[in-house]
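The structure appears right after this line, and notes come after that.
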Amino acid sequence: MKPSALFDSPPRLLVKVCGLTRQRDADACAAAGVDLCGFIFHPASPRAVTPAVAAGLHSHGMARVGVFVRQSADEVLAVMDAARLDFAQLHGGQDAVFCDRVGPERVIRAAWPQRYVDRAALEAELAGLAPHVRCFLLDAGTSGGGRGVTMDWAALRGLDPGAPWLLAGGLAPDNLAGAVAACGGGSLVGVDLNSGVESAPGRKDAIRVAAALAALRTA
């Protein structure tokens, strides 16, 4: 199956765990049933890795996602090749031209609902980008990610911006089911976990990863 087909009406919510830096964490994620694993290529992040480190981490069939902020499109493509990535998750406000250069079927475009004056403004911008991306990721705050901050999940209920989307922002075993219930419907296809399943930045906690998956599957 092509990686991009993951987002085509999945039978259950997809789970992505971002910020992997160690093989033991990739092993634990795969064992728990995680669908996508993420590697961060933003040097300022405490979870940043090099393309060589990411390439050396075996992902056991999980789709491989790279997180990019300030790189050029050519730099993104070079890292994707070097690190064996399936998707580029763009966190720098990259426009449609940038997404098309990387390849729409390979782009997960981050957006921050709290940047917009209202839901209509959010929907309008996402609708314009939808033909140029494979999936959106809606995160808490107004930039960045991985800080453990949540948002008003109910404000996203039933959102259908023209492409599938993942929910991110402070998700953890104890709030995951409630978050999905609050914002469910529309074209929500999965969740993105990071700090909520860590013992320290860049160090995933296998017990918390398994607990998050269990909470989601029984929700």
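None of the figures in this text is laboratory data; all of them are computed from the coordinates on show. What you are looking at is a predicted structure, and each value in this text was computed from that prediction instead of being measured. Note that we place each Cβ from the backbone using ideal geometry, even for glycine, and neighbour counts take in every protein chain shown.
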Qualifying positions in the range 86-132 - in contact with a helix residue (DSSP H, G or I) (Cβ under 7 Å, 6 or more places away or on another chain) and part of a loop (DSSP other than H, G, I, E, B): Asp86, Tyr116
Extreme residue, surrounded by the most Cβ atoms within 10 Å (Cβ to Cβ), among residues of the range 88-140 that are farther than 13 Å from Leu166 by Cα and of a type in the set (Lys, Arg): Arg106
Pro10 vs. criteria surrounded by fewer than 22 Cβ atoms within 10 Å (Cβ to Cβ), in contact with a Pro (Cβ under 9 Å, 6 or more places away or on another chain) and under 20 Å from Leu176 (Cβ atoms): yes
So Asn175, is it of a type in the set (S, T, N, Q) and in contact with a Gly (Cβ under 6 Å, 6 or more places away or on another chain): no
Within the range 11-23, considering residues that are out of contact with any Gly (no Cβ under 7 Å at 6 or more places or on another chain) and either assigned to a strand (DSSP E or B) or touching a residue at least 12 places away in the same chain (Cβ under 8 Å) (or both), the one farthest from Glu75 (Cα to Cα): Arg12
Elements of type strands (runs of 3 or more DSSP E) in the range 160-216, at least 1 residues being touching a Cys at 6+ places or on another chain (Cβ under 6 Å) and over 16 Å from Asp139 (Cβ atoms): none
Of all residues in the range 19-45 being charged (D, E, K, R) and exposed (fewer than 15 other Cβ atoms within 10 Å of the Cβ), the one that is farthest from Asn194 (Cα to Cα): Arg24
